[in-house]
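Below is one structure, written out as structure tokens; comments come after it.
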Amino acid sequence: MDAFKHGVFSWCELMTTDVEAAKEFYTELFGWTAEAVTIDGMQYNLIKVEGTEIGGIMALPAQAQGAPPCWGTYVTVDDVDATAGKAQELGASVIVPLTDIPEVGRFCVIRDPQGAVISIITYLGEHHG
């Protein structure tokens, strides 16, 4: 299935307090490779399976300090702004505002009416729509 199609899970991301330990654990456990990159001034580690990027590992950002390490999932949407609005109409709250990721796309994080958290993203370029 095309991960860049509306409604499809497209990315998984670990935010953690110990990036190096997490990289060591998951690369050993699953055979992933991790490639350190800098994105918009932030250190990020791309997770790959057989050379294909499937997710990332990053340090907990300042706004999440005190939170436990956690995995987050992204669902691709055609229009993240419209989808965020619809989510709010359906009772969700936006907990990370609409944010542009240079050369990647635009995302936000929502909390559904039951309290579960998920990220939604619209990709730029070849992956969009």
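The values are calculated or read from the model by the stated rules, or taken from the named source; none is laboratory data. Treat the numbers as computed from the prediction; the structure is a model and nothing was measured. Cβ coordinates were reconstructed from backbone atoms using ideal geometry, including for glycine residues, and neighbour counts include every protein chain displayed.
Considering the stretch 65-77, and only residues there that are under 18 Å from the mean Cα position of the chain (by Cα) and surrounded by fewer than 13 Cβ atoms within 10 Å (Cβ to Cβ), the residue that is nearest to residue 3 (Cα to Cα) turns out to be 71.
Let's see how each residue does on (1) hydroxyl-bearing (Ser, Thr, Tyr); (2) more than 24 Å from residue 17 (Cβ to Cβ):
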| position | (1), (2) |
| --- | --- |
| 50 | no, yes |
| 65 | no, no |
| 72 | no, no |
| 111 | no, no |
| 115 | no, no |
| 122 | yes, yes |
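Pairs linking a residue in the stretch 9-27 that is touching a residue at least 40 places away in the same chain (Cβ under 8 Å) to a residue that is part of a helix (DSSP H, G or I) and surrounded by fewer than 19 Cβ atoms within 10 Å (Cβ to Cβ), with Cβ atoms under 7 Å and 6 or more positions apart or on different chains, are 15/64. Checking each residue in the stretch 6-17 for being surrounded by 13 or more Cβ atoms within 10 Å (Cβ to Cβ) and either out of contact with any Pro (no Cβ under 8 Å at 6 or more places or on another chain) or within 30 Å of residue 78 (Cβ to Cβ) (or both) picks out 6, 8, 10, 11, 12, 13, 14, 15. Restrict the check to the stretch 39-46 and report whether at least one residue is of a type outside the set (Phe, Trp, Tyr), at pLDDT 95 or above and out of contact with any His (no Cβ under 8 Å at 6 or more places or on another chain). Taking every residue of the stretch 39-46 in turn, at least one turns out to be of a type outside the set (Phe, Trp, Tyr), at pLDDT 95 or above and out of contact with any His (no Cβ under 8 Å at 6 or more places or on another chain).
Looking only at the stretch 110-118, decide whether some residue is over 14 Å from the mean Cα position of the chain (by Cα), surrounded by 12 or more Cβ atoms within 10 Å (Cβ to Cβ) and either closer than 17 Å to residue 11 by Cβ or touching a residue at least 24 places away in the same chain (Cβ under 8 Å) (or both). Within the stretch 110-118 (the criterion being over 14 Å from the mean Cα position of the chain (by Cα), surrounded by 12 or more Cβ atoms within 10 Å (Cβ to Cβ) and either closer than 17 Å to residue 11 by Cβ or touching a residue at least 24 places away in the same chain (Cβ under 8 Å) (or both)), the answer is yes, since at least one residue qualifies.
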